[in-house]
1. Conditions first: (1) open to solvent by 30 Å² or more (accessible area, probe 1.4 Å); (2) closer than 21 Å to Lys109 by Cβ. Lys99 passes all but one, so which condition is the exception?
2. Please determine, by comparing only the residues of the range 365-377 that are within 18 Å of Glu424 (Cβ to Cβ) and open to solvent by less than 40 Å² (accessible area, probe 1.4 Å), which one is modelled with the lowest pLDDT.
3. Got at least one residue in the range 221-232 being open to solvent by less than 20 Å² (accessible area, probe 1.4 Å), over 14 Å from the mean Cα position of the chain (by Cα), modelled with pLDDT under 95 and not acidic (Asp, Glu)?
4. Kindly provide the set of residues from the range 294-313 that are within 11 Å of the ligand (Cβ to nearest atom) and over 19 Å from Glu31 (Cβ atoms), ordered by number.
5. Being among the aliphatic types (A, V, I, L, M) and within 22 Å of Asn327 (Cβ to Cβ) is the requirement here; does Ile63 meet it?
6. Among the residues of the range 43-57 satisfying the criterion of being more than 6 Å from the ligand (Cβ to nearest atom) and open to solvent by 100 Å² or more (accessible area, probe 1.4 Å), which is nearest to Val314 (Cα to Cα)?
Amino acid sequence: MEVIMKKVKIALLGLGTVGKGIFNILKTNNEEITKRAGYDIEIAKILVRDKNKNRDIDVDENIITTNFEEVLYDESIDIIVEVIGGLQPAYEYVISALKNKKHVVTANKLLIASKGDELISIANEEGVSLYYEASVAGGIPIIHSIKESLTANKIEEIIGIMNGTTNYILSKMTEEGLSYETALKEAQAKGYAEADPTSDVGGYDALYKLRILTSLAFGCSVDIDKIYREGIESIKPIDIDYAKEFGFTIKLLSMVKEKSGALEMRVHPTMIPSTHPLANVNDSFNAIFVKGNAVGELMYYGRGAGELPTGSAVVGDIISILRNGLNNSIIAKKEDDCSNIEVSSMEKTKSEYYIRLSVKDEPGVLSKVSTILGENDVSIFSVIQKGKSKEFVPLVFVTHKTYEGNIKKSIDSIKKLPVVNKIESLIRVENLK
Ligand SMILES: NC(=O)c1ccc[n+]([C@@H]2O[C@H](COP(=O)([O-])OP(=O)(O)OC[C@H]3O[C@@H](n4cnc5c(N)ncnc54)[C@H](OP(=O)(O)O)[C@@H]3O)[C@@H](O)[C@H]2O)c1
(Lines give C-alpha, C1' and ligand atoms only; values in the text may rest on other atoms or scores of the structure.)
Protein backbone atom coordinates (compact mmCIF):
# COMPACT_ATOMS: atom_id res chain seq x y z
CA MET A 1 0.00 0.00 0.00
CA GLU A 2 1.31 3.40 -0.94
CA VAL A 3 1.92 5.70 2.03
CA ILE A 4 0.79 9.25 1.30
CA MET A 5 3.19 11.57 3.03
CA LYS A 6 1.71 14.72 4.58
CA LYS A 7 3.19 17.98 3.34
CA VAL A 8 4.05 21.02 5.40
CA LYS A 9 5.10 24.43 4.15
CA ILE A 10 7.59 26.53 6.04
CA ALA A 11 9.18 29.94 5.42
CA LEU A 12 12.67 31.17 6.16
CA LEU A 13 13.22 34.75 7.23
CA GLY A 14 16.87 35.16 6.20
CA LEU A 15 19.12 33.22 3.83
CA GLY A 16 22.53 34.06 5.26
CA THR A 17 24.89 31.64 7.02
CA VAL A 18 22.22 29.86 9.07
CA GLY A 19 19.47 30.13 6.44
CA LYS A 20 21.71 28.38 3.90
CA GLY A 21 22.56 25.71 6.48
CA ILE A 22 18.86 24.97 7.02
CA PHE A 23 18.23 24.92 3.26
CA ASN A 24 21.12 22.51 2.66
CA ILE A 25 20.26 20.17 5.55
CA LEU A 26 16.63 19.92 4.44
CA LYS A 27 17.86 19.04 0.95
CA THR A 28 20.71 16.66 1.84
CA ASN A 29 18.93 14.77 4.63
CA ASN A 30 15.49 14.98 3.04
CA GLU A 31 14.70 11.28 3.24
CA GLU A 32 15.65 10.86 6.92
CA ILE A 33 13.99 14.12 7.95
CA THR A 34 10.75 13.26 6.15
CA LYS A 35 10.60 9.88 7.90
CA ARG A 36 11.38 11.34 11.31
CA ALA A 37 9.09 14.34 11.05
CA GLY A 38 6.25 12.44 9.41
CA TYR A 39 5.99 15.30 6.91
CA ASP A 40 7.54 16.26 3.63
CA ILE A 41 8.88 19.74 4.42
CA GLU A 42 8.72 22.33 1.67
CA ILE A 43 10.35 25.75 1.92
CA ALA A 44 7.58 27.83 0.35
CA LYS A 45 8.99 31.35 0.86
CA ILE A 46 12.29 32.93 1.80
CA LEU A 47 12.52 36.53 2.97
CA VAL A 48 15.76 38.40 2.29
CA ARG A 49 16.92 42.00 2.26
CA ASP A 50 18.47 42.00 -1.21
CA LYS A 51 16.79 39.87 -3.87
CA ASN A 52 19.63 40.34 -6.37
CA LYS A 53 22.41 39.01 -4.18
CA ASN A 54 24.43 36.12 -5.59
CA ARG A 55 23.54 33.34 -3.15
CA ASP A 56 25.81 30.51 -4.29
CA ILE A 57 22.91 28.12 -3.62
CA ASP A 58 20.48 26.27 -5.87
CA VAL A 59 17.26 27.96 -4.83
CA ASP A 60 14.12 28.67 -6.87
CA GLU A 61 14.14 32.46 -7.33
CA ASN A 62 10.34 32.53 -7.36
CA ILE A 63 10.15 31.73 -3.65
CA ILE A 64 12.48 34.58 -2.65
CA THR A 65 10.81 37.79 -1.53
CA THR A 66 11.62 41.04 0.20
CA ASN A 67 8.06 41.53 1.38
CA PHE A 68 7.34 40.06 4.83
CA GLU A 69 3.58 40.31 4.33
CA GLU A 70 3.80 37.78 1.52
CA VAL A 71 5.05 35.31 4.11
CA LEU A 72 2.83 36.39 6.98
CA TYR A 73 -0.46 36.24 5.11
CA ASP A 74 0.29 33.01 3.25
CA GLU A 75 -2.14 30.68 4.98
CA SER A 76 -0.48 27.58 3.61
CA ILE A 77 2.63 28.30 5.72
CA ASP A 78 2.59 26.71 9.18
CA ILE A 79 6.10 27.36 10.49
CA ILE A 80 8.22 30.51 10.22
CA VAL A 81 11.95 30.25 10.86
CA GLU A 82 13.60 33.53 11.87
CA VAL A 83 17.31 33.63 10.97
CA ILE A 84 17.69 37.34 10.24
CA GLY A 85 19.34 38.20 13.55
CA GLY A 86 19.35 41.46 15.52
CA LEU A 87 16.41 42.92 17.36
CA GLN A 88 14.54 44.74 14.60
CA PRO A 89 12.80 43.77 12.40
CA ALA A 90 13.15 40.21 13.81
CA TYR A 91 11.15 41.11 16.96
CA GLU A 92 8.31 42.66 15.01
CA TYR A 93 8.22 39.75 12.52
CA VAL A 94 8.21 37.07 15.22
CA ILE A 95 5.37 38.77 17.12
CA SER A 96 3.32 39.07 13.92
CA ALA A 97 4.03 35.43 13.03
CA LEU A 98 2.92 34.16 16.45
CA LYS A 99 -0.19 36.35 16.40
CA ASN A 100 -1.01 34.88 12.98
CA LYS A 101 -0.88 31.41 14.55
CA LYS A 102 2.39 30.40 12.94
CA HIS A 103 4.79 28.23 14.92
CA VAL A 104 8.17 29.96 15.17
CA VAL A 105 11.73 28.68 15.32
CA THR A 106 14.50 31.21 15.86
CA ALA A 107 18.28 31.16 16.27
CA ASN A 108 18.31 34.72 17.59
CA LYS A 109 19.96 34.97 21.03
CA LEU A 110 19.56 38.72 21.31
CA LEU A 111 15.84 38.41 20.61
CA ILE A 112 15.27 35.57 23.09
CA ALA A 113 17.52 37.04 25.81
CA SER A 114 15.81 40.43 25.68
CA LYS A 115 12.24 39.65 24.58
CA GLY A 116 11.88 35.90 25.26
CA ASP A 117 9.36 36.23 28.11
CA GLU A 118 7.02 38.36 26.06
CA LEU A 119 7.30 36.09 23.02
CA ILE A 120 6.67 32.97 25.12
CA SER A 121 3.52 34.60 26.57
CA ILE A 122 2.25 35.43 23.09
CA ALA A 123 2.99 31.91 21.82
CA ASN A 124 1.09 30.42 24.78
CA GLU A 125 -1.86 32.76 24.26
CA GLU A 126 -2.01 31.92 20.56
CA GLY A 127 -1.55 28.17 21.08
CA VAL A 128 1.55 27.91 18.92
CA SER A 129 5.12 26.84 19.67
CA LEU A 130 8.27 28.91 19.94
CA TYR A 131 11.57 27.02 19.72
CA TYR A 132 15.06 28.48 20.00
CA GLU A 133 17.63 25.68 20.42
CA ALA A 134 20.15 27.32 18.06
CA SER A 135 20.21 30.53 20.10
CA VAL A 136 22.68 29.01 22.58
CA ALA A 137 25.84 27.21 21.52
CA GLY A 138 24.77 26.50 17.91
CA GLY A 139 24.73 22.77 17.35
CA ILE A 140 24.98 21.73 21.03
CA PRO A 141 21.54 20.56 22.25
CA ILE A 142 21.84 22.34 25.59
CA ILE A 143 18.39 23.93 25.67
CA HIS A 144 16.61 20.64 25.05
CA SER A 145 18.77 19.00 27.73
CA ILE A 146 17.95 21.60 30.36
CA LYS A 147 14.27 21.84 29.40
CA GLU A 148 13.64 18.12 29.09
CA SER A 149 16.37 15.70 30.10
CA LEU A 150 17.53 17.44 33.29
CA THR A 151 14.17 18.51 34.70
CA ALA A 152 14.55 16.02 37.58
CA ASN A 153 17.47 18.07 38.87
CA LYS A 154 18.00 21.22 40.81
CA ILE A 155 20.66 22.86 38.67
CA GLU A 156 23.45 24.17 40.88
CA GLU A 157 25.70 25.80 38.36
CA ILE A 158 26.38 26.33 34.67
CA ILE A 159 29.82 27.34 33.46
CA GLY A 160 30.61 27.56 29.80
CA ILE A 161 32.61 28.73 26.86
CA MET A 162 29.65 30.01 24.89
CA ASN A 163 31.31 32.14 22.23
CA GLY A 164 33.35 30.52 19.49
CA THR A 165 34.93 33.74 18.17
CA THR A 166 36.55 34.71 21.46
CA ASN A 167 37.58 31.12 22.08
CA TYR A 168 39.29 31.06 18.68
CA ILE A 169 41.11 34.33 19.45
CA LEU A 170 42.22 33.21 22.93
CA SER A 171 43.30 29.80 21.57
CA LYS A 172 45.46 31.49 18.91
CA MET A 173 46.98 33.81 21.50
CA THR A 174 47.72 30.85 23.78
CA GLU A 175 49.02 28.40 21.19
CA GLU A 176 50.82 30.74 18.79
CA GLY A 177 51.63 33.74 20.97
CA LEU A 178 49.63 36.08 18.70
CA SER A 179 48.56 39.51 19.92
CA TYR A 180 44.84 40.12 20.43
CA GLU A 181 44.75 42.37 17.35
CA THR A 182 46.44 39.80 15.06
CA ALA A 183 44.28 36.92 16.35
CA LEU A 184 41.15 39.03 15.80
CA LYS A 185 42.18 39.80 12.21
CA GLU A 186 42.74 36.07 11.62
CA ALA A 187 39.31 35.29 13.07
CA GLN A 188 37.77 37.89 10.73
CA ALA A 189 39.60 36.47 7.72
CA LYS A 190 38.27 32.98 8.54
CA GLY A 191 34.72 34.28 8.88
CA TYR A 192 34.57 33.57 12.65
CA ALA A 193 34.38 37.25 13.58
CA GLU A 194 32.19 39.94 12.07
CA ALA A 195 33.57 43.19 10.64
CA ASP A 196 32.26 44.84 13.83
CA PRO A 197 33.30 42.23 16.40
CA THR A 198 31.95 44.06 19.47
CA SER A 199 29.14 41.63 20.27
CA ASP A 200 31.59 38.72 20.44
CA VAL A 201 34.79 40.23 21.86
CA GLY A 202 32.89 42.46 24.28
CA GLY A 203 31.17 39.44 25.85
CA TYR A 204 27.62 40.52 24.86
CA ASP A 205 26.90 37.39 22.80
CA ALA A 206 28.04 35.17 25.70
CA LEU A 207 25.88 37.21 28.07
CA TYR A 208 22.71 36.71 25.98
CA LYS A 209 23.31 32.96 26.00
CA LEU A 210 23.91 32.92 29.75
CA ARG A 211 20.68 34.85 30.27
CA ILE A 212 18.74 32.29 28.18
CA LEU A 213 20.18 29.28 30.02
CA THR A 214 19.65 30.92 33.41
CA SER A 215 15.98 31.47 32.75
CA LEU A 216 15.56 27.82 31.78
CA ALA A 217 17.71 26.32 34.53
CA PHE A 218 16.79 28.55 37.46
CA GLY A 219 13.24 29.44 36.46
CA CYS A 220 13.63 33.18 36.55
CA SER A 221 14.22 35.86 34.01
CA VAL A 222 16.99 38.23 34.93
CA ASP A 223 17.39 41.75 33.66
CA ILE A 224 20.36 41.65 31.27
CA ASP A 225 21.73 44.86 32.78
CA LYS A 226 22.18 43.13 36.14
CA ILE A 227 24.66 40.61 34.71
CA TYR A 228 28.33 41.52 35.01
CA ARG A 229 30.08 41.52 31.62
CA GLU A 230 33.67 42.05 30.56
CA GLY A 231 35.19 41.23 27.15
CA ILE A 232 38.59 39.95 26.08
CA GLU A 233 39.87 43.13 24.39
CA SER A 234 42.44 43.95 27.05
CA ILE A 235 44.02 40.49 27.36
CA LYS A 236 47.73 40.74 26.55
CA PRO A 237 50.12 37.97 25.45
CA ILE A 238 52.16 38.65 28.61
CA ASP A 239 49.12 37.70 30.73
CA ILE A 240 48.73 34.49 28.76
CA ASP A 241 52.41 33.72 29.42
CA TYR A 242 52.10 34.40 33.16
CA ALA A 243 48.90 32.34 33.25
CA LYS A 244 50.91 29.41 31.85
CA GLU A 245 53.56 29.89 34.55
CA PHE A 246 50.86 29.67 37.21
CA GLY A 247 49.37 26.58 35.48
CA PHE A 248 46.34 28.42 34.12
CA THR A 249 44.65 29.00 30.75
CA ILE A 250 42.56 32.09 29.98
CA LYS A 251 39.01 31.53 28.68
CA LEU A 252 35.99 33.78 28.33
CA LEU A 253 33.58 32.07 30.73
CA SER A 254 29.88 32.60 31.28
CA MET A 255 28.87 31.49 34.76
CA VAL A 256 25.75 31.23 36.86
CA LYS A 257 25.58 29.69 40.33
CA GLU A 258 22.94 29.76 42.99
CA LYS A 259 24.44 30.74 46.34
CA SER A 260 22.38 31.27 49.49
CA GLY A 261 19.26 32.14 47.55
CA ALA A 262 21.03 34.62 45.26
CA LEU A 263 22.23 34.15 41.70
CA GLU A 264 25.82 34.87 40.89
CA MET A 265 25.99 35.64 37.18
CA ARG A 266 28.97 36.86 35.24
CA VAL A 267 30.76 36.83 31.90
CA HIS A 268 34.46 37.67 31.90
CA PRO A 269 37.91 36.39 30.94
CA THR A 270 38.90 33.84 33.54
CA MET A 271 42.05 31.92 34.39
CA ILE A 272 41.24 28.26 34.96
CA PRO A 273 43.56 25.34 35.71
CA SER A 274 45.08 24.10 32.44
CA THR A 275 44.16 20.56 33.49
CA HIS A 276 40.41 21.31 33.56
CA PRO A 277 38.42 20.00 30.55
CA LEU A 278 37.20 23.54 29.75
CA ALA A 279 40.82 24.71 29.38
CA ASN A 280 41.24 22.21 26.56
CA VAL A 281 38.28 23.40 24.52
CA ASN A 282 40.01 25.20 21.68
CA ASP A 283 39.42 27.05 18.42
CA SER A 284 35.81 27.95 17.71
CA PHE A 285 34.41 25.10 19.82
CA ASN A 286 31.99 25.70 22.68
CA ALA A 287 31.59 23.69 25.87
CA ILE A 288 29.07 23.97 28.65
CA PHE A 289 29.53 22.43 32.04
CA VAL A 290 26.31 21.79 34.00
CA LYS A 291 26.05 20.60 37.60
CA GLY A 292 22.76 19.10 38.72
CA ASN A 293 22.08 17.78 42.23
CA ALA A 294 21.05 14.36 40.93
CA VAL A 295 23.04 13.88 37.73
CA GLY A 296 26.29 15.44 38.98
CA GLU A 297 28.59 17.07 36.47
CA LEU A 298 27.96 17.02 32.72
CA MET A 299 29.91 18.62 29.93
CA TYR A 300 28.48 19.39 26.51
CA TYR A 301 31.02 20.01 23.77
CA GLY A 302 30.70 20.85 20.10
CA ARG A 303 30.50 23.46 17.41
CA GLY A 304 28.78 26.54 18.75
CA ALA A 305 28.33 28.21 15.38
CA GLY A 306 28.55 27.72 11.62
CA GLU A 307 26.16 26.98 8.81
CA LEU A 308 25.54 23.27 9.37
CA PRO A 309 25.84 22.94 13.18
CA THR A 310 23.43 25.84 13.70
CA GLY A 311 21.18 24.60 10.89
CA SER A 312 21.14 21.20 12.62
CA ALA A 313 19.65 22.75 15.77
CA VAL A 314 17.06 24.75 13.80
CA VAL A 315 15.92 21.78 11.71
CA GLY A 316 15.74 19.70 14.92
CA ASP A 317 13.30 22.29 16.30
CA ILE A 318 11.19 22.16 13.11
CA ILE A 319 10.98 18.37 13.42
CA SER A 320 9.98 18.67 17.11
CA ILE A 321 7.08 20.96 16.16
CA LEU A 322 5.94 18.52 13.47
CA ARG A 323 6.20 15.50 15.76
CA ASN A 324 4.17 17.30 18.37
CA GLY A 325 1.44 17.96 15.80
CA LEU A 326 0.79 21.20 13.98
CA ASN A 327 -2.45 21.76 15.86
CA ASN A 328 -0.75 21.49 19.22
CA SER A 329 1.66 23.79 20.92
CA ILE A 330 4.36 23.00 23.38
CA ILE A 331 3.31 25.19 26.25
CA ALA A 332 6.45 27.12 26.90
CA LYS A 333 6.79 27.94 30.56
CA LYS A 334 6.90 31.64 31.16
CA GLU A 335 9.56 32.12 33.77
CA ASP A 336 8.88 34.05 36.94
CA ASP A 337 10.64 37.32 37.03
CA CYS A 338 13.35 37.33 39.59
CA SER A 339 12.11 40.25 41.63
CA ASN A 340 12.48 38.06 44.73
CA ILE A 341 15.84 36.57 43.91
CA GLU A 342 18.89 38.72 44.23
CA VAL A 343 21.56 38.83 41.53
CA SER A 344 24.69 39.23 43.65
CA SER A 345 26.68 42.38 43.09
CA MET A 346 30.25 41.73 41.97
CA GLU A 347 31.52 43.19 45.28
CA LYS A 348 29.91 40.25 47.06
CA THR A 349 31.23 37.54 44.73
CA LYS A 350 34.30 35.57 45.71
CA SER A 351 37.14 34.59 43.47
CA GLU A 352 40.90 34.33 43.31
CA TYR A 353 42.60 37.15 41.41
CA TYR A 354 45.57 37.48 39.10
CA ILE A 355 47.02 40.97 39.34
CA ARG A 356 49.86 42.37 37.20
CA LEU A 357 51.43 45.62 38.29
CA SER A 358 54.22 47.62 36.79
CA VAL A 359 56.37 48.83 39.68
CA LYS A 360 59.66 50.60 40.36
CA ASP A 361 62.58 48.22 40.49
CA GLU A 362 63.56 48.86 44.12
CA PRO A 363 63.56 46.90 47.39
CA GLY A 364 60.45 46.76 49.59
CA VAL A 365 57.84 47.10 46.85
CA LEU A 366 56.30 43.68 47.44
CA SER A 367 56.05 44.33 51.16
CA LYS A 368 54.24 47.66 50.59
CA VAL A 369 51.78 45.99 48.22
CA SER A 370 51.20 42.99 50.50
CA THR A 371 50.62 45.28 53.51
CA ILE A 372 47.74 46.95 51.66
CA LEU A 373 46.34 43.58 50.60
CA GLY A 374 46.58 42.31 54.21
CA GLU A 375 44.71 45.38 55.50
CA ASN A 376 41.87 44.44 53.12
CA ASP A 377 41.77 40.74 54.05
CA VAL A 378 43.48 39.63 50.86
CA SER A 379 46.31 37.12 51.06
CA ILE A 380 48.77 36.28 48.32
CA PHE A 381 48.91 32.70 47.06
CA SER A 382 51.82 33.00 44.61
CA VAL A 383 54.13 35.75 43.30
CA ILE A 384 56.35 36.18 40.23
CA GLN A 385 58.78 39.10 40.13
CA LYS A 386 61.13 39.37 37.17
CA GLY A 387 63.17 41.66 34.98
CA LYS A 388 65.87 43.68 36.65
CA SER A 389 67.51 46.89 35.46
CA LYS A 390 64.57 48.63 33.87
CA GLU A 391 62.86 51.60 35.43
CA PHE A 392 59.63 49.62 35.83
CA VAL A 393 59.31 45.87 36.18
CA PRO A 394 56.29 43.56 36.39
CA LEU A 395 55.11 42.36 39.78
CA VAL A 396 52.61 39.59 39.27
CA PHE A 397 50.65 37.67 41.86
CA VAL A 398 47.64 35.45 42.39
CA THR A 399 45.59 35.90 45.55
CA HIS A 400 43.71 33.39 47.67
CA LYS A 401 39.92 33.46 47.38
CA THR A 402 38.45 36.74 48.54
CA TYR A 403 35.56 39.13 47.97
CA GLU A 404 35.78 41.30 44.88
CA GLY A 405 34.98 44.29 47.10
CA ASN A 406 38.23 43.64 49.03
CA ILE A 407 40.20 43.52 45.79
CA LYS A 408 38.70 46.79 44.57
CA LYS A 409 39.61 48.56 47.83
CA SER A 410 43.14 47.11 47.66
CA ILE A 411 43.61 48.23 44.05
CA ASP A 412 42.42 51.75 44.88
CA SER A 413 45.15 52.02 47.54
CA ILE A 414 47.87 50.15 45.60
CA LYS A 415 47.62 52.47 42.62
CA LYS A 416 48.34 55.44 44.89
CA LEU A 417 51.67 53.98 46.07
CA PRO A 418 54.57 56.06 44.66
CA VAL A 419 56.42 52.82 43.79
CA VAL A 420 53.56 51.64 41.57
CA ASN A 421 53.53 52.87 37.98
CA LYS A 422 50.37 51.15 36.76
CA ILE A 423 47.82 48.39 37.43
CA GLU A 424 48.37 46.56 34.16
CA SER A 425 45.75 43.84 34.51
CA LEU A 426 43.34 42.11 36.82
CA ILE A 427 41.89 38.76 35.81
CA ARG A 428 39.65 36.56 37.93
CA VAL A 429 40.85 33.02 38.64
CA GLU A 430 38.43 30.12 39.10
CA ASN A 431 40.13 27.10 40.57
CA LEU A 432 37.75 24.66 38.87
CA LYS A 433 38.29 21.07 39.97
N1 LIG B 1 26.19 32.35 12.05
C2 LIG B 1 26.18 31.47 13.02
O3 LIG B 1 27.03 30.59 13.08
C4 LIG B 1 25.11 31.52 14.07
C5 LIG B 1 25.14 30.60 15.14
C6 LIG B 1 24.11 30.61 16.09
C7 LIG B 1 23.09 31.53 15.99
N8 LIG B 1 23.11 32.44 14.96
C9 LIG B 1 22.03 33.40 14.87
O10 LIG B 1 21.31 33.17 13.66
C11 LIG B 1 20.81 34.40 13.16
C12 LIG B 1 21.25 34.58 11.72
O13 LIG B 1 22.66 34.64 11.67
P14 LIG B 1 23.46 34.54 10.28
O15 LIG B 1 24.88 34.38 10.66
O16 LIG B 1 22.83 33.53 9.39
O17 LIG B 1 23.23 36.01 9.70
P18 LIG B 1 23.60 36.54 8.23
O19 LIG B 1 24.55 35.62 7.55
O20 LIG B 1 23.95 37.97 8.39
O21 LIG B 1 22.21 36.45 7.43
C22 LIG B 1 21.13 37.27 7.71
C23 LIG B 1 20.05 37.06 6.65
O24 LIG B 1 18.94 37.85 7.00
C25 LIG B 1 18.56 38.69 5.90
N26 LIG B 1 18.13 39.98 6.44
C27 LIG B 1 18.82 40.84 7.21
N28 LIG B 1 18.08 41.92 7.50
C29 LIG B 1 16.89 41.73 6.89
C30 LIG B 1 15.70 42.49 6.80
N31 LIG B 1 15.58 43.67 7.39
N32 LIG B 1 14.67 41.98 6.09
C33 LIG B 1 14.79 40.78 5.47
N34 LIG B 1 15.88 40.01 5.51
C35 LIG B 1 16.92 40.49 6.21
C36 LIG B 1 19.81 38.86 5.07
O37 LIG B 1 19.39 39.12 3.75
P38 LIG B 1 20.44 39.33 2.53
O39 LIG B 1 21.03 37.96 2.32
O40 LIG B 1 19.63 39.79 1.38
O41 LIG B 1 21.44 40.33 3.03
C42 LIG B 1 20.47 37.49 5.24
O43 LIG B 1 19.98 36.57 4.29
C44 LIG B 1 21.30 35.48 14.14
O45 LIG B 1 20.31 35.71 15.10
C46 LIG B 1 22.50 34.84 14.78
O47 LIG B 1 22.76 35.34 16.09
C48 LIG B 1 24.09 32.44 14.01
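The values are calculated or read from the model by the stated rules, or taken from the named source; none is laboratory data. Worth saying up front: this structure is predicted, and the values here are computed from it rather than measured. Here the Cβ positions follow ideal geometry from the backbone for every residue, glycine too, while neighbour counts run over all protein chains shown. Just so you know, the surface numbers come from the protein's heavy atoms only, side chains and all, with ligands and any DNA or RNA stripped out. Shrake-Rupley method; radii C 1.70, N 1.55, O 1.52, S 1.80 Å.
1. (2)
2. Taking the range 365-377 as the starting set, the residues that turn out to be within 18 Å of Glu424 (Cβ to Cβ) are 365-366, 368-370, 372-373.
Still in the list and also open to solvent by less than 40 Å² (accessible area, probe 1.4 Å): 365, 369, 372-373.
Numbers: Val365: 93, Val369: 96, Ile372: 97, Leu373: 97.
Selected residue: Val365.
3. Checked the range 221-232: at least one residue is open to solvent by less than 20 Å² (accessible area, probe 1.4 Å), over 14 Å from the mean Cα position of the chain (by Cα), modelled with pLDDT under 95 and not acidic (Asp, Glu).
4. Selection gives Arg303, Gly304, Ala305, Gly306, Glu307, Pro309, Thr310, Ala313.
5. Numbers: among the aliphatic types (A, V, I, L, M): yes; within 22 Å of Asn327 (Cβ to Cβ): no.
When the stated conditions are applied, Ile63 does not pass them.
6. Taking the candidates together, the pick is Asp56.
Residue-wise test of (1) within 13 Å of the ligand (Cβ to nearest atom); (2) open to solvent by 50 Å² or more (accessible area, probe 1.4 Å).
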{"site": "Ala90", "(1), (2)": "yes, no"}
{"site": "Val94", "(1), (2)": "yes, no"}
{"site": "Lys109", "(1), (2)": "yes, yes"}
{"site": "Glu118", "(1), (2)": "no, yes"}
{"site": "Ser129", "(1), (2)": "no, no"}
{"site": "Ser135", "(1), (2)": "yes, no"}
{"site": "Ser145", "(1), (2)": "no, no"}
{"site": "Ser149", "(1), (2)": "no, yes"}
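Yes or no, residue by residue, for (1) within 16 Å of Asp117 (Cβ to Cβ); (2) free of Cβ contacts under 8 Å to residues at least 60 places away in the same chain:
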residue	(1), (2)
Thr214	yes, yes
Phe248	no, no
Ser254	no, no
Ser260	no, yes
Val267	no, no
